[in-house]
Amino acid sequence: MSGRHILVVEDEAAIRQMIAFNLSRAGFEVSEAGDCATARNMIASAQPDLVLIDWMLPDMSGLELTRALRREDPNRDLPVIMLTARAEERDKVTGLDSGADDYLTKPFSPRELVARINAVLRRLSQDDEEPIVAGDLQLDPVSHRVTVGDREIALGPTEYRLLKFLMANPERVYSRGQLLDFVWGQNVYVEERTVDVHIRRLRKALEGFAVNQYVQTVRGAGYRFSTR
Ligand code: CA
């Protein structure tokens, strides 16, 4: 989840900077706003992936800001974590149903903050995952089902991940080394010919369907997913 953009809305500079410092260190891209007006301008110009909003702010409460965002179409689903100073505030905020995705009571550890942000981002990105479609071929990331027309294709877990990666990145050639990094992960040691084995299995599973042509070998370069 690192690399995601988090906006921190908190008027107390010392706390805001401490949060920003810890989030940058965890690999997030961070912006800071000291009040709601600034935050709204920043969200309008570049929508972050998640907003951390303190309850007590000078121009508007964090609660009002969250509700205002929920009424605006582009920000309706913007993930929000609300920060509260005390447990009683937290209970109040929860009871008021502000529309925040999670709540965190100060003081919290950087580790807890990062864990909560990742949990919210993970939860929402899973709900959001739309099926990937290419011609008759459809891959549904929620159910993990791959279908061609109304026929379901049985794939092993590696073939599934490989197909998902290729379908999500069509019309690009990936070398075996790149596919190993993206699909198997950078810290896994696997020989490059493993990629060929799984491409072969994937093609075998798609055998007899026209969509089999989509998984293409590019000689001397690697593999490409293309409907052309
Ligand atoms: Ca505050």
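The values are calculated or read from the model by the stated rules, or taken from the named source; none is laboratory data. None of the values given here were measured: they were computed from a predicted structure. Cβ sites come from the backbone with ideal geometry, for glycine too, and all protein chains shown count toward neighbours. These area figures cover heavy atoms from the full protein model, side chains too; ligands, DNA and RNA do not enter into them. Shrake-Rupley method; radii C 1.70, N 1.55, O 1.52, S 1.80 Å.
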For the chain, with +1 on Lys and Arg beta carbons and -1 on Asp and Glu, the positive-most of A115, P74, V173 along the dipole | V173
The distance between the Cα centres of the range 158-228 and the range 1-67, in whole Å, is 39
Residue-ordered couplings for the range 147-160, obtained by feeding phi - 60° into the Karplus form 6.51 cos²θ - 1.76 cosθ + 1.60 and rounding to whole Hz (Gly and Pro as x), are 10, 10, x, 9, 8, 8, 9, 8, 10, x, x, 6, 4, 4
How much of the accessible area of the range 129-225, probe 1.4 Å, is carbon plus sulfur, in whole percent?
-> 44
Binning at 10 Å from 0, report for the range 129-225 what percent of all alpha-carbon pair distances ends up in each bin.
-> 16, 53, 28, 3
Quote the charge dipole size of the chain about the Cα centre in Debye, to the nearest 20; the model charges only the Cβ of Lys and Arg (+1) and of Asp and Glu (-1).
-> 1100
Rounded to the nearest whole Å², what accessible area per residue is found for the range 129-225 with the 1.4 Å probe?
-> 60
Apply 1/(1 + (r/R0)^6) to the Cβ-Cβ distance of A210 and Q47, taking R0 = 45 Å, and write down the FRET efficiency to the nearest 0.05.
-> 0.70
At 222 nm, what helix-only mean residue ellipticity would the chain give, in deg cm²/dmol to the nearest 500, using -39500 (n - 2.57) for each DSSP H run of four or more?
-> -12000 deg cm²/dmol
If the chain between F108 and R122 were fully stretched, how many nm would it gain, using 0.36 nm times the residue separation less the Cα-Cα distance?
-> 3.0 nm
Along the dipole axis of the chain (charges at Cβ: +1 for Lys and Arg, -1 for Asp and Glu; origin at the Cα centre), the most positive-end residue among W184, L57, L202 is L202
Over the range 5-125, average the accessible area per residue using a 1.4 Å probe and give it in Å², no decimals.
-> 48
Any idea what Rg and Dmax come out to for the chain if you just take the C-alpha atoms, in Å?
-> 22.3, 65
Once label points are set 7 Å from the Cα along Cα→Cβ at both T227 and H144, what is their separation, rounded to one decimal in nm?
-> 2.7
